[in-house]
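The values are calculated or read from the model by the stated rules, or taken from the named source; none is laboratory data. Here the structure is a predicted model, which is why all the values come from computation and not from measurement. Cβ coordinates were reconstructed from backbone atoms using ideal geometry, including for glycine residues, and neighbour counts include every protein chain displayed. Each accessible area value is taken on the protein alone, full model and side chains, heavy atoms only, with ligands, DNA and RNA left out. Shrake-Rupley method; radii C 1.70, N 1.55, O 1.52, S 1.80 Å.
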Amino acid sequence: MEVVFLTVNHLFWSMTTVVVVVVVVSLVMYVYSILWLKPEKLREKLRIQGITGPPPCFLRGNVPEMKRIQAGVAAASPSAANSPHDYASILFPYLEQWRKQYGQIYMYSTGTRQHLLVNHPDLVKEMSLSVSWDLGKPLYMGKTLGPMLGNGILRSNGNIWAHQRRIIAPEFFMDKVKGMMDVMVDSALSMLKKWEDRVEMEGGMADVKVDQDLRNFSADVISRTCFGSSYLKGKEIFSKLRALQVTLSKQGFLFWGPAYRNLPTKRNREIRRLERQIESLILKVIKERKEEASLLGSSAKKDLLEMILEGAINGDGHHDTTSIPCNRFIVDNCKNIYFAGHESTAVAAAWCLMLLALYPQWQDRVRAEVVQICGDHRPLDADALQKMKTMKMVIQETLRLYSPAPFLAREVFQDTKIGHIVVPKGVHLWTLIPTLHRDPDIWGEDAHEFKPDRFSNGISEACKLPQAYVPFGVGARMCLGRNFAMVELMVVLSLIISNFSFSLSPTYRHSPSYRMILEPEYGVHLLIRKI
Ligand code: HEM
């Protein structure tokens, strides 16, 4: 009897041990497959097409090397860059180093994620012109940037994105934008009044940090033109969005993000708090709008907010609106437009002013042009803007050297052919715009210099391959606010330049920094005088 019991007992433990071993081995195999075999399979598919890149290590891919290269640059002097305008080799030095080593197309890895850097202009064009939904915005970034952008137009994909684009894009067609010019002029004049007062108070010349004023101006323009509101009314939304943008940028979102997004760390709690506050502020705007609409009936405002509200409720037959709760759809898209519609334009205006201060001969040329076109109290209207060729060249050159959005990013959802490369599902595609915009083979030996003249005969004459100029992206996901942004920039710059002369303040520190967009880390400080 005792022998039988011992045998059964032994059998039980043997079987348990086998089961435990099988479970542990399967788990290890599964983890190994996710962490190494799967990305390695993607790499192999690229390798056999002749694509190379830095060798990744287990678990963290090329992240340790990226951090090592970045630390090396941080320790070196800023003059290590090719020119004052060459920020890519300081902000993303690993991408630049690998480009020199492996060419214009190479792969690298950030742990389980496999990336392909595509900086060949023809391939960039093919990638961006693809209308297939097999290419979309990277999903993992959607998660990290979720508190800021949710599933709004900037980050969504497929049917939902198409529905959002159909609703939002027509609001920024040129005809509509022309009708918004009066608001732009009015908002700019309020900012100018503030500067005039300061110049007067400070004895004829003021040291002004222009960034926040430009942000307030562009926030006012987007609020009034798209949301029937004003900067002052939406002030809290903008300041909280800005706080969220800075906090998310600190923790990283581009190639690696926080490992513990859902843990209640101090920063995560702050992010959640800001997200909730922004949501309730936007819902308040919407509630007020609905109340206003019920009072006014058919004479209610027909602006972008109204289109988003209708789009959330009605759908359009292409998109199942029941799949995203109505308020989510509205809040996410409002957040996207508030952010996209004011940050990049304000930053572009700040870079323009910095460059015009640095190159006074261009400041004089633009001023002479504006005075000639708008002198004798002629109106600043669409016709006047059309004639401002020098101003347009300066803006184009600024967007070449300081593109507020330095990356184009896509994720491949199904194996896709781009040019001669079959890119396997799961790979993330990246284009580093500053590199493309400074390639001497495309732009000439003076590619690093500020020379607006290169655009005197248009983009196609400015460079060998016009598809290499992509400050607003290209293809189906091209910036839908580009007309709006160009008009807004021309309006605000022409009013500034015809009222003030300015130079760089000694307090200005040139330090481009990446916080979801490329911005001057310490702001742009100008010494401003009234003309
Ligand atoms: C100088 C100012 C601006 C620059 C440099 C800029 C640049 C860009 C870039 C590079 C993209 C991504 C394109 C791609 O992935 O291929 C984009 C997308 C977008 N931009 Fe802009 N933008 C500017 C101003 C604006 C303004 C004023 C608005 C107005 C609301 C706006 C709304 C959007 C939207 C909604 C998208 C997403 C389009 C989509 O995915 O379908 N942008 N922008």
> Out of curiosity, is PRO55 at pLDDT below 85 and assigned to a loop (DSSP other than H, G, I, E, B)?
Replying inline: no
> Can you name every residue in region 162-184 that is open to solvent by 30 Å² or more (accessible area, probe 1.4 Å), more than 13 Å from the ligand (Cβ to nearest atom) and either among the hydroxyl-bearing types (Ser, Thr, Tyr) or in a helix (DSSP H, G or I) (or both)?
Replying inline: MET174, ASP175, LYS178, ASP182, VAL183
> Take the residues of region 122-161 that are farther than 11 Å from ARG410 by Cβ and near the ligand (Cβ under 9 Å from one of its atoms): which is surrounded by the most Cβ atoms within 10 Å (Cβ to Cβ)?
Replying inline: GLY152
> List the pairs whose first member sits in region 361-377 and is farther than 11 Å from LEU495 by Cα and part of a helix (DSSP H, G or I), whose second member is open to solvent by 30 Å² or more (accessible area, probe 1.4 Å) and among the hydroxyl-bearing types (Ser, Thr, Tyr), and whose Cβ atoms are under 8 Å apart, counting only residues at least 6 apart or on separate chains?
Replying inline: GLN363/SER501
> Scanning for something crowded, with 19+ Cβ neighbours inside 10 Å and closer than 23 Å to LEU401 by Cβ, does region 38-53 turn up at least one residue?
Replying inline: no
>> Just to be sure before I move on: is LYS417 under 23 Å from VAL474 (Cα atoms), of a type outside the set (S, T, N, Q) and free of Cβ contacts under 8 Å to residues at least 24 places away in the same chain in the structure I sent?
In response: yes
> For HIS10, all conditions in the list (1) surrounded by 12 or more Cβ atoms within 10 Å (Cβ to Cβ); (2) assigned to a helix (DSSP H, G or I) hold save one; what is the number of the exception?
Replying inline: (1)
>> Quick check on ARG215: is it open to solvent by less than 30 Å² (accessible area, probe 1.4 Å), in a helix (DSSP H, G or I) and at pLDDT 95 or above?
In response: yes
>> Here is a check on your reading of the model: is HIS85 open to solvent by less than 20 Å² (accessible area, probe 1.4 Å), modelled with pLDDT of 95 or more and of a type outside the set (S, T, N, Q)?
In response: no
>> Among the numbered criteria (1) surrounded by fewer than 20 Cβ atoms within 10 Å (Cβ to Cβ); (2) touching a residue at least 12 places away in the same chain (Cβ under 8 Å); (3) of a type in the set (S, T, N, Q), which one does THR431 miss?
In response: (1)
>> Taking the conditions exactly as written (without any contact (Cβ under 8 Å) to a residue 12 or more places away in the chain and either within 30 Å of ARG438 (Cβ to Cβ) or among the aromatic types (Phe, Trp, Tyr) (or both)), does ALA76 satisfy them or not?
In response: yes
>> List the strands (runs of 3 or more DSSP E) inside region 434-531, counting only whole elements, that have at least 2 residues being within 16 Å of the ligand (Cβ to nearest atom) and in contact (Cβ under 8 Å) with a residue 12 or more places away in the chain.
In response: 512-514, 518-520
> Does region 103-121 contain any residue that is part of a helix (DSSP H, G or I), open to solvent by 20 Å² or more (accessible area, probe 1.4 Å) and either free of Cβ contacts under 8 Å to residues at least 40 places away in the same chain or not hydrophobic (A, V, I, L, M, F, W, C) (or both)?
Replying inline: no
> Does LEU91 satisfy the criteria of being in contact (Cβ under 8 Å) with a residue 24 or more places away in the chain, open to solvent by 30 Å² or more (accessible area, probe 1.4 Å) and under 23 Å from PRO512 (Cα atoms)?
Replying inline: yes
>> Please verify whether LYS193 is open to solvent by 70 Å² or more (accessible area, probe 1.4 Å), at pLDDT 95 or above and in contact with a Ser or Thr (Cβ under 9 Å, 6 or more places away or on another chain), treating the condition exactly as stated.
In response: no
>> Which residue is surrounded by the fewest Cβ atoms within 10 Å (Cβ to Cβ), if the candidates are limited to region 329-388 and must be acidic (Asp, Glu) and closer than 26 Å to LYS284 by Cα?
In response: GLU343
